[in-house]
Amino acid sequence: MTEERNSDPQRRLDPNQMKFTRSARGNLILHLDGEEYQDLNIRRAFPLESDERFIGFFLPDGLELGMLEDMADLEEESRLELQNELDKIYFRPIVTSFGKITEEHGMLRGDIETTSGPRQIEIRGWRKNVRILSGNRAIILDVHGNRYLIEDWRELPKLTKEILGL
């Protein structure tokens with residue numbers, strides 16, 4: 001690993017030179033330019049709007065290794081390994097239905113069904129923790145820091161939209 005690589009925060013990583021595998025313990029390994037990188041911090045630049053583009057890779061000491069512009073440019077096996085890793089980091093189940101929602105002292109509580117099963121959520125400060133995104137999507141941030149995606153908030157029942165402030 002050269003100092004030049006670490007000092008260039010704008011380095012675009014070449015997807016043709018990247019390969020992702022797993023260690024015997026199941027940890028992600030990036031093979032790049034003849035070197036192996038483990039214990040990387042991986043971050044999406046735009047996790048809510050463009051989750052497969054502009055993926056940043058950071059060394060354990062915080063230095064940026066570089067950015068991958070588009071995951072679609074990776075070979076299939078590597079793309080799947082990277083996607084699996086990002087899914088662990090960015091747990092974001094999709095809300096499939098809402099059950100009862102109540103409000104007490106500025107806290108919304110509700111039962112929801114998600115792609116990861118039923119959940120009970122609590123939303124404090126719902127005016128800033130329920131946000132509309134592009135494409136008629138919305139995101140809910142609960143008191144535990146979990147994010148839940150609503151794929152089309154316009155399809156929600158009228159009362160649910162009113163309670164959530166959508």
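The values are calculated or read from the model by the stated rules, or taken from the named source; none is laboratory data. Everything numeric here is computed off the predicted structure, so don't read it as measured data. Glycine gets a Cβ as well: all are built from the backbone with ideal geometry, and neighbour counts include every protein chain shown. Ligands, DNA and RNA are excluded from the accessible area calculation, which covers all protein heavy atoms including side chains. Shrake-Rupley method; radii C 1.70, N 1.55, O 1.52, S 1.80 Å.
Summing Cβ point charges (Lys, Arg +1; Asp, Glu -1) relative to the Cα centre of region 93-166 gives a dipole of roughly 240 debye.
Once both labels are positioned 7 Å from their Cα atoms along Cα-to-Cβ, the gap between Gln38 and Arg137 label points is 3.3 nm. Using helices alone, what [θ] at 222 nm do you get for the chain, with -39,500 (n - 2.57) per DSSP H run of 4 or more residues, divided over all residues and rounded to the nearest 500? After summing the helix terms and dividing by residue count, I get -4500 deg cm²/dmol. The residues of region 1-127 expose, per residue, 60 Å² of accessible area to a 1.4 Å probe. Could you calculate the contour length gain from Gln17 to Phe46, that is, 0.36 nm times the residue separation minus the distance between their Cα atoms, to one decimal place in nm? Length gained, Gln17 through Phe46: 8.1 nm. Separation of region 80-139 from region 11-26 is 31 Å, based on Cα centroids. A 1.4 Å probe, protein heavy atoms only, puts the accessible area of Asp51 near 50 Å².
Answer with one residue from Gly106, Ile42, Gly117: the one whose Cα lies farthest towards the positive end of the charge dipole of the chain, charges on Cβ with Lys, Arg +1 and Asp, Glu -1. Of the candidates, Gly106 comes out farthest on the positive side. Comparing Glu151, Glu104, Glu113 in a Gaussian network model of the chain, where Cα atoms under 10 Å apart are tied by springs, the biggest mean-square fluctuation is seen for Glu104. Each label was represented as a point 7 Å from its Cα along the Cα-to-Cβ direction; for Gln83 and His31 these points are 2.1 nm apart. Fully extending the segment from Glu151 to Thr96, taken as 0.36 nm per residue of separation minus the present Cα-Cα distance, adds 18.9 nm.
So what's the net charge close to Arg92: Lys and Arg +1, Asp and Glu -1, counting the other residues with Cβ under 10 Å from its Cβ? With Lys, Arg at +1 and Asp, Glu at -1, the net is -1. What is the log10 of I(q)/I(0) for the chain, computed with the Debye formula using one identical point scatterer on each Cα and no solvent, at q = 0.10, 0.15, 0.18 Å⁻¹? The Debye formula, applied to the Cα set alone, gives -0.49, -0.86, -1.04. Here the dipole of the chain is about 1040 debye; that uses its Cα centre as origin and unit charges on the Cβ of Lys and Arg (positive) and Asp and Glu (negative). Using a 1.4 Å probe on the protein chains only, how many percent of the accessible area of the chain belongs to carbon and sulfur? After summing per-atom areas, the C and S share lands at 45 percent. Helix 76-89 axis versus longest C-alpha principal axis of the chain: approximately 50°, rounded to the nearest ten. For a straight C-alpha distance cut-off of 25 angstrom, the lysines reachable from Lys158 (same-chain residues fewer than eight places away being disregarded) are Lys100, Lys128. Would you work out if region 14-92 is rounded, prolate or oblate? Take a ≥ b ≥ c from the square roots of the eigenvalues of the alpha-carbon gyration tensor; rounded if a/c is under 1.5, else prolate when a/b is larger than b/c, oblate otherwise. Cα axes put region 14-92 in the rounded bin.
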